[in-house]
Amino acid sequence: MRKGRAAKDEPLRKVLRSELSKERATRLEGSFGTQKQHYSLSRIKARNRKTEILWIFFGIHTANAILIIEKIRNKTAKAA
């Protein structure tokens, strides 16, 4: 929540903020969806909340590790 008086362009600021938030959410969900499909996380094999969070945690970190490995391979291939 903002403090103080609203600016003259407050309605425009609200619209812009709303559009930015929608775009960010869409891109983030798309990234998670792609990783879930690629790493077979579409059906989380967990029976309670803690193990569900653990599956998601390791899935995301596995995806990040693979991206890092690919970057290192590309860098060494360019150097050679």
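The values are calculated or read from the model by the stated rules, or taken from the named source; none is laboratory data. Source: prediction; values computed, not measured. Backbone-built Cβ (ideal geometry, glycine too); neighbour counts: all protein chains shown.
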Inset, instruction - For segment 43-80, name all the residues that are among the basic types (Lys, Arg) and more than 16 Å from residue 33 (Cα to Cα). - result: 45, 47, 49, 50, 71, 73, 75, 78
Inset, instruction - Scan segment 7-19 for residues that are of a type outside the set (D, E, K, R) and at pLDDT below 85 and report the count. - result: 1
Inset, instruction - State yes or no: is residue 25 modelled with pLDDT under 85 and in contact with a helix residue (DSSP H, G or I) (Cβ under 7 Å, 6 or more places away or on another chain)? - result: no
